[in-house]
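Peer 1: Got a structure here, written out as structure tokens. Questions coming.
The values are calculated or read from the model by the stated rules, or taken from the named source; none is laboratory data. This is a predicted model, so every value here is computed, not measured. We place every Cβ from the backbone using ideal geometry, glycine too, and count neighbours over all the protein chains shown. Protein only, heavy atoms only, side chains kept; ligands, DNA and RNA dropped before computing areas. Shrake-Rupley method; radii C 1.70, N 1.55, O 1.52, S 1.80 Å.
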Amino acid sequence: VIPDSVNQISNIDWCIKDNAKKHRTIKYDLVHEKESPTPVLRRGQSFKIIVNYTDRDFNREWDAVVLNLKFGKYPSRRKGTIIQLTVENDSFTQEHDEWDVMIDQETAFNKLVLQVRSPSDAPVGVWRLQVQSELNNIREYHLSEESQAYILFNPWCKDDSVYMAAEDKLEEYVLNDNGKVFAGGSHRWPNGCPWAFGQFDDDVLPIALHIMDFARFYRTGRGCPKQVVRAISAGVNNEDDDGILEGKWGNDDKEYSDGVVPWEWTGSVRILEQYKKNGYQPVKYGQCWVFSALVVTICRALGIPCRSVTNYQSAHDTNNSLTIDTFFDEEGNKIEGGPDGDNTDSTWNFHVWNDAWMARPDLPPGYGGWQAIDATPQEASGYRYRCGPASLVAIRRGNIGFNYDVPFIFSEVNADIMYWVKDATSKWGWSRVEHIKNGIGLALWTKLPEKDDELGDDDSEDITLEYKSKEGTAAERLAIHNAIRGCKLAKQYYDIKSSRKKDVEFDLRELDRIKIGDSFQVQIVMTNKSSDTRTVTTALTAYSTYYTGNISKKIKKTDDKLTIAPGEHKMVTMNVSYNEYWKELVPGCLIKMYVICRVSETGQMYADEDNFTIEKPKLQIKISESVRAHESCKAAFVFKNPLDIPLTKCRLTLEGAGLLKSMAIAIEGEVSPNGMFEHTVEFPPRIHGPRKLIASFNSLELYNITGA
């Protein structure tokens with residue numbers, strides 16, 4: 001008998017955990033919330049929903065069902081953000097770039113089981129669903145209550161533009177919620193700081209969508225990873241909108257008194273929780289590695305494969321010359337701003353940004369894969385402080401005409417260094433006295449997938465050759481010349497040739513790892529290749545520096561003048577003791593050795609530098625032998641103070657996804673000179689499974705002692 005009323009819908013069952021397991025989203029906290037769990041799904045993949053009826057079983061002879069899906073604040077059929085799917089088939093009939101629905105199972109007990117498939121290019125974010133129940137012979141219908149689900153990018157789906165064929169790599173670049181950000185050390189010995197990315201925390205997805213609102217692009221653009229990561233690079237910093245984090249590059253703790261010093265952060269969730277608590281006002285403060293870590297968190301949360309990248313000896317080209325230039329007057333004094341006042345080029349000891357993985361259909365074939373993006377606000381791009389995505393292939397080949405910001409990142413990793421002296425005999429008024437082709441982008445590091453080294457950095461991966469061909473090879477020089485062709489100012493700088501005779505060779509000996517408390521030695525070796533005697537004046541200077549390359553304090557300087565016979569080798573040495581350098585160190589414990597030499601007879605000049613880090617001890621973490629979810633366990637944090645002074649105003653920061661909520665602990669008392677620090681924390685781990693605890697110790701005298 002045909003019923004005379006519409007079959008009423010009692011509720012929609014999203015089968016949240018079953019779908020989450022199939023969609024690899026089971027780690028998201030939103031899926032596990034007790035009162036109102038939220039579905040988290042990946043596009044291009046089918047998911048199951050169950051329509052539960054109040055009155056009777058579904059009968060396709062007279063019952064009709066329509067799924068109404070909406071996306072965004074102002075959904076539109078024309079823009080593809082209103083979708084209506086009529087339930088009538090037992091299999092999918094549409095292409096993978098269309099929404100589709102099929103009847104999976106008609107069961108008793110008033111249930112209709114459906115499979116719904118989202119297109120592989122669906123906008124990413126919150127989709128709202130209402131199910132409409134109709135009776136074929138009447139115009140009445142009944143609507144279910146509206147429910148919603150997050151739909152994310154799907155790097156496991158071949159039709160998705162973020163698809164990555166190497167599935168084992170996705171365990172690291174999408175699913176790993178712990179890792180390292182390389183901040184400090186040197187290109188030979190990078191220092192990896194443990195970081196809790198925490199992309200599955202329940203605050204992350206809502207905040208990710210919040211910062212995308214700043215981008216002001218069409219909602220349909222949220223299906224395009226190129227536009228999404230460009231929006232992320234702008235929204236993580238606060239320069240143009242109320243983004244997540246405010247950057248600050250101060251000289252000491254006092255300048256950060258109204259916030260958190262950047263080197264105290266050990267994870268992203270604490271920052272995001274504070275951002276939400278502040279009413280979505282920027283959190284104070286961050287520097288490049290913190291911006292990069294937040295980008296990893298946001299990208300991985302949305303399903304975009306992402307890694308943090310550290311470039312050692314990173315150039316900041318401010319006048320688009322593709323070179324890093326320093327200008328001197330006739331007396332050898334540095335001229336700030338260069339000849340036109342617009343040159344404030346600098347070289348950072350290291351700079352940290354990100355790579356995100358995606359196809360680039362807007363570029364010629366072969367330019368997809370890793371794309372560089374940078375959320376640290378340095379230069380405006382399209383009137384906003386953002387950077388990328390720039391194809392690594394384009395950067396490596398010097399194709400600076402491709403979107404986005406390829407020239408800037410090309411200079412960061414492959415600029416040449418040039419030194420100029422005022423010269424009245426030159427047409428331009430300047431003569432180039434030194435051209436260093438291998439001083440920028442000495443190495444680029446990221447974390448190696450599928451490996452964790454809590455005690456050292458054996459889990460680091462050198463990816464320099466993904467950004468540039470081997471230094472000095474024909475391919476690397478070809479990339480330089482390819483880039484020069486597209487840059488007028490670069491042509492001018494490269495066309496000027498050095499007229500000075502160079503017959504003395506200089507070799508600044510690079511230093512190895514120096515532990516805090518040890519002395520070190522700087523040496524420069526000079527060889528006279530001419531047939532005449534040469535007189536050389538030398539100046540060796542050691543500075544404590546910030547990682548941006550800015551000088552803090554002079555530690556020591558030696559000047560010398562020596563005569564070198566034809567074919568002779570001579571060495572100048574400067575010894576620096578622990579007592580001379582430790583009081584001058586600034587956060588990061590970076591030291592820059594700078595050497596300037598001048599040959600009196602020929603006017604030949606030589607300038608070079610070496611940067612290295614004074615290494616600090618690691619924080620050891622001792623855990624209870626038996627650790628069980630929801631049962632109290634203990635963690636002890638231990639290290640030896642390497643200084644001969646007490647450590648004061650000590651603080652311990654803890655992060656551990658699934659273990660405990662992030663916390664900052666003020667430690668009572670002092671750590672005695674050369675004494676042991678030990679502090680124990682007791683907590684009940686929240687979720688079972690492999691978990692990582694990350695900690696950072698900071699005091700007024702010693703910063704960023706980390707362990708995991």
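Peer 1: Those residues that are of a type outside the set (D, E) and open to solvent by 50 Å² or more (accessible area, probe 1.4 Å), I need them from segment 610-627; list them, please.
Peer 2: Taking segment 610-627 and keeping what is of a type outside the set (D, E), we get 611-614, 616-624, 626-627.
Hits for segment 610-627 are K616, K618, Q620, K622, I623, S626, V627.
Peer 1: Just one of I516, I555 is closer than 30 Å to P262 by Cβ and in contact with a Pro (Cβ under 6 Å, 6 or more places away or on another chain); which is it? Don't jump to the end; show me each part of the working.
Peer 2: Working: I555 fails: in contact with a Pro (Cβ under 6 Å, 6 or more places away or on another chain).
Residue meeting the stated conditions: I516.
Peer 1: Hey, among A208, A215, which residue is among the small types (G, A, S), within 20 Å of the chain's Cα centre (by Cα), more than 30 Å from F612 (Cβ to Cβ) and at pLDDT below 95?
Peer 2: Details: A208 fails: at pLDDT below 95.
Sole residue among the options that is among the small types (G, A, S), within 20 Å of the chain's Cα centre (by Cα), more than 30 Å from F612 (Cβ to Cβ) and at pLDDT below 95: A215.
Peer 1: For segment 160-171, how many residues meet the condition of being open to solvent by less than 10 Å² (accessible area, probe 1.4 Å) and either under 23 Å from G689 (Cβ atoms) or among the acidic types (D, E) (or both)?
Peer 2: Final tally of qualifying residues: 2.
Peer 1: How many residues does segment 112-142 contain that are free of Cβ contacts under 8 Å to residues at least 60 places away in the same chain and either surrounded by fewer than 16 Cβ atoms within 10 Å (Cβ to Cβ) or among the polar types (S, T, N, Q) (or both)?
Peer 2: Result for segment 112-142: 2.
Peer 1: Related question: Considering each of E682, E625 in turn, give the residue that is of a type outside the set (A, V, I, L, M, F, W, C) and either under 30 Å from N575 (Cβ atoms) or not in a loop (DSSP other than H, G, I, E, B) (or both). Spell out the reasoning first.
Peer 2: Numbers: E625 fails: either under 30 Å from N575 (Cβ atoms) or not in a loop (DSSP other than H, G, I, E, B) (or both).
Unique residue meeting the criteria: E682.
Peer 1: Return yes when E510 is of a type in the set (D, E, K, R), in contact with a strand residue (DSSP E or B) (Cβ under 7 Å, 6 or more places away or on another chain) and either in a strand (DSSP E or B) or more than 30 Å from D317 (Cα to Cα) (or both) and no when it is not.
Peer 2: Values: of a type in the set (D, E, K, R): yes; in contact with a strand residue (DSSP E or B) (Cβ under 7 Å, 6 or more places away or on another chain): yes; either in a strand (DSSP E or B) or more than 30 Å from D317 (Cα to Cα) (or both): no.
It is false that E510 is of a type in the set (D, E, K, R), in contact with a strand residue (DSSP E or B) (Cβ under 7 Å, 6 or more places away or on another chain) and either in a strand (DSSP E or B) or more than 30 Å from D317 (Cα to Cα) (or both).
Yes/no matrix, rows are residues, columns are (1) open to solvent by less than 20 Å² (accessible area, probe 1.4 Å); (2) part of a loop (DSSP other than H, G, I, E, B); (3) in contact with a helix residue (DSSP H, G or I) (Cβ under 6 Å, 6 or more places away or on another chain):
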position: L205; (1), (2), (3): yes, no, yes
position: L209; (1), (2), (3): no, no, no
position: F214; (1), (2), (3): no, no, yes
position: F217; (1), (2), (3): no, yes, yes
position: G221; (1), (2), (3): yes, no, yes
position: A231; (1), (2), (3): yes, no, yes
position: E246; (1), (2), (3): no, no, no
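Peer 1: On to the next question. Please enumerate the residues belonging to segment 668-679 that are open to solvent by less than 30 Å² (accessible area, probe 1.4 Å) and assigned to a loop (DSSP other than H, G, I, E, B). Full working, then the answer.
Peer 2: Filtering segment 668-679 down to residues open to solvent by less than 30 Å² (accessible area, probe 1.4 Å) leaves 671, 675, 677.
If the condition is that a residue be open to solvent by less than 30 Å² (accessible area, probe 1.4 Å) and assigned to a loop (DSSP other than H, G, I, E, B), then G675 is the only one that fits.
Peer 1: Taking the residues in segment 431-471 that are of a type in the set (V, I, T) and in a strand (DSSP E or B) as candidates, determine which candidate is modelled with the lowest pLDDT.
Peer 2: Filtering segment 431-471 for residues of a type in the set (V, I, T) gives 433, 436, 440, 446, 463-464.
This time we only want the ones that are in a strand (DSSP E or B), so: 433, 436, 446.
Working: V433: 79, I436: 87, T446: 98.
In this case the residue turns out to be V433.
Peer 1: Take the residues in segment 641-657 that are over 20 Å from G184 (Cβ atoms) and in contact with a Pro (Cβ under 7 Å, 6 or more places away or on another chain); name whichever of them is surrounded by the most Cβ atoms within 10 Å (Cβ to Cβ).
Peer 2: Step by step, filter segment 641-657, then rank; the result is P646.
Peer 1: So if I check each of D342, D355, D325, D329, which one is over 25 Å from D242 (Cα atoms), acidic (D, E) and either without any contact (Cβ under 8 Å) to a residue 12 or more places away in the chain or buried (at least 16 other Cβ atoms within 10 Å of the Cβ) (or both)? Even if it seems obvious, please write down each step before you answer.
Peer 2: On the way: D342 fails: either without any contact (Cβ under 8 Å) to a residue 12 or more places away in the chain or buried (at least 16 other Cβ atoms within 10 Å of the Cβ) (or both); D355 fails: over 25 Å from D242 (Cα atoms); D329 fails: either without any contact (Cβ under 8 Å) to a residue 12 or more places away in the chain or buried (at least 16 other Cβ atoms within 10 Å of the Cβ) (or both).
Going through D342, D355, D325, D329 in turn, just one is over 25 Å from D242 (Cα atoms), acidic (D, E) and either without any contact (Cβ under 8 Å) to a residue 12 or more places away in the chain or buried (at least 16 other Cβ atoms within 10 Å of the Cβ) (or both): D325.
Peer 1: Which one of the conditions (1) over 26 Å from A695 (Cα atoms); (2) open to solvent by 10 Å² or more (accessible area, probe 1.4 Å); (3) in contact with a helix residue (DSSP H, G or I) (Cβ under 8 Å, 6 or more places away or on another chain) does I304 fail to meet, given that it meets all the rest?
Peer 2: Result: I304 fails condition (2) only.
Peer 1: Please go through segment 46-82 and give me each residue that is part of a loop (DSSP other than H, G, I, E, B) and either surrounded by 16 or more Cβ atoms within 10 Å (Cβ to Cβ) or touching an Asp or Glu at 6+ places or on another chain (Cβ under 6 Å) (or both), ordered by number.
Peer 2: Filtering segment 46-82 down to residues part of a loop (DSSP other than H, G, I, E, B) leaves 54-62, 72-81.
Residues satisfying the conditions are F58, G72, P75, G80, T81.
Peer 1: State whether the residues of segment 472-481 include one that is touching a residue at least 60 places away in the same chain (Cβ under 8 Å), part of a helix (DSSP H, G or I) and surrounded by fewer than 17 Cβ atoms within 10 Å (Cβ to Cβ). Walk me through how you get there before you give the answer.
Peer 2: From segment 472-481, those touching a residue at least 60 places away in the same chain (Cβ under 8 Å) are 476, 478-481; that's our starting set.
Still in the list and also part of a helix (DSSP H, G or I): 476, 478-481.
Filter once more, so that each one left must be surrounded by fewer than 17 Cβ atoms within 10 Å (Cβ to Cβ): 478, 481.
Yes, because at least one residue in segment 472-481 is touching a residue at least 60 places away in the same chain (Cβ under 8 Å), part of a helix (DSSP H, G or I) and surrounded by fewer than 17 Cβ atoms within 10 Å (Cβ to Cβ).
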